[in-house]
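**Student:** Before anything else, here's the structure in question.
The values are calculated or read from the model by the stated rules, or taken from the named source; none is laboratory data. Because the structure is a prediction, the values reported are computed rather than measured. Cβ placement follows ideal geometry from the backbone for every residue including glycine, while neighbour counts extend to all protein chains displayed.
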Amino acid sequence: MKLELKNVSCGYEKKRIIKDISFSLTEGEVVCLLGPNGVGKTTLFKAILGFLPLEGGEILLDGESIRTLPPRKLARLVGYVPQSHEPPFPYKVLDVVIMGRVSQMKLFSGPSKEDLLMAEEILESMGIGHLSDRVYTEISGGERQMVLIARALAQNPKLLVMDEPTSNLDFGNQIRVLEQVKALAGRGLGIVMTSHAPNHAFLSATKVALLGRNHQFQLGTTEEVISEERMKEIYGINVVILDVESMKGQRIRTCIPILNS
C-alpha cells in the first residue's frame, strides 16, 4: 500500500489550514507529523481519512483517489487510532477490538467465529491477551491505548493513522506504544502518526513532516528535519540535540530543551 499526498490544501469555512503539502508513505515506513498546536496536524488527518474535503491537490491510495473510494472500502484500507476513546457502555476489551471488524462484516450480521478468533489473536500478539475479559472503562490509560491499536488492527488495514498515540500516557506506557509502532512497521504496515515530542520521532519514525505556522513545511529524515535551528524557529524555544551511546552500544539521538531562566 502506498499513500501519496500531492499538493494537498484543506481547511474550514474558507480558512485554509493546510496548503500545498506533499509526501508519500510505503509499507513499513513511519511518518511522524511534528508541529505546535493549531498548525493543522489533525486537519491533515481528517483529510487522509476522508472526513474533510480537499480544497486542492489529491490524496491517493495505491494510485486511487480517496475521493472516489467508497467509505466502506476506505475503512478496510485505513485504520484509525484516536487520542482517547470513551465508549457509551462498559464493553469488555474483546468486544471493543471486535468492533474493528465491522467494515468486514455483511450488513446486519454479527461477528463470526473467525472475527472472534482474529480479535483474540491480535490481543495476544500485542501482549495484552490477559485483558480480554476486562471492562474497557476500568483499565489504565496505557492499556486503553493498546486496545485502540488492537481495534484498528482488527480492520486488517494497509495503513494506520495514529493521532498522538502517546497523549496523556505515563513515561513507561509512551515507550510501550512506540515499541508497538516500530513492531507494526516491521511487519509491513505503513503508519502516519502525530506527536508533540521530537524524541518520539527519533525513536520510531523513518520520516518526519514538520508543520509550522504560516504554512511552513519540511519533510525528510529525523536527522535532516529535527535540528536545533528548526526547533527554535517552529516552537520558539532553545534545544540541544545530542548523540549518546546506550549501555548496549546503540547510538541514540535526543532533543533536550533549555530553560531560559
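Conditions (1) assigned by TED's automatic domain parsing to the domain that holds L60; (2) loosely packed, with under 12 Cβ neighbours inside 10 Å; (3) of a type in the set (A, V, I, L, M, F, W, C), marked per residue:
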| position | (1), (2), (3) |
| --- | --- |
| I149 | yes, no, yes |
| G172 | yes, yes, no |
| L219 | yes, no, yes |
| E233 | no, no, no |
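**Student:** Can G28 be described as in a loop (DSSP other than H, G, I, E, B), assigned by TED's automatic domain parsing to the domain that holds T222 and under 28 Å from M231 (Cβ atoms)?
**Tutor:** Judged against the criteria, G28 is a match.
**Student:** State all residues of region 7-20 that are surrounded by fewer than 15 Cβ atoms within 10 Å (Cβ to Cβ) and either outside any loop (DSSP other than H, G, I, E, B) or touching a residue at least 60 places away in the same chain (Cβ under 8 Å) (or both); if no residue qualifies, say none.
**Tutor:** N7, Y12, K15, D20
**Student:** Still on this structure, please answer the following. Determine whether P90 is crowded, with 19+ Cβ neighbours inside 10 Å and in contact with a strand residue (DSSP E or B) (Cβ under 6 Å, 6 or more places away or on another chain).
**Tutor:** Spelling it out, it is not the case that P90 is crowded, with 19+ Cβ neighbours inside 10 Å and in contact with a strand residue (DSSP E or B) (Cβ under 6 Å, 6 or more places away or on another chain).
**Student:** So in region 177-190, with the set limited to residues that are buried (at least 18 other Cβ atoms within 10 Å of the Cβ) and out of contact with any Lys or Arg (no Cβ under 9 Å at 6 or more places or on another chain), which one is farthest from E27 (Cα to Cα)?
**Tutor:** Ranking the candidates gives V177 first.
**Student:** Oh, and also: What number goes with the only condition from (1) crowded, with 21+ Cβ neighbours inside 10 Å; (2) out of contact with any Leu (no Cβ under 9 Å at 6 or more places or on another chain); (3) not charged (D, E, K, R) that G40 does not pass?
**Tutor:** (2)
**Student:** Same structure again: Name, by its number, the condition in (1) in a loop (DSSP other than H, G, I, E, B); (2) under 19 Å from E164 (Cα atoms); (3) aliphatic (A, V, I, L, M) that does not hold for L54.
**Tutor:** Here L54 clears every test but (2).
**Student:** Further question: Can you find a residue that is closer than 28 Å to G142 by Cα, free of Cβ contacts under 8 Å to residues at least 12 places away in the same chain and either surrounded by fewer than 16 Cβ atoms within 10 Å (Cβ to Cβ) or in contact with a Leu (Cβ under 8 Å, 6 or more places away or on another chain) (or both) anywhere in region 62-85?
**Tutor:** no
**Student:** Looking at V97 and the list (1) of a type in the set (A, V, I, L, M); (2) touching a residue at least 24 places away in the same chain (Cβ under 8 Å); (3) over 19 Å from A154 (Cβ atoms), which single condition is not satisfied?
**Tutor:** (3)
**Student:** Then there's this: Test of understanding: among R151, R187, R176, which residue is closer than 30 Å to R72 by Cβ and within 15 Å of the chain's Cα centre (by Cα)? Lay out the reasoning, then the answer.
**Tutor:** Working: R187 fails: within 15 Å of the chain's Cα centre (by Cα); R176 fails: closer than 30 Å to R72 by Cβ.
Answer to the selection: R151.
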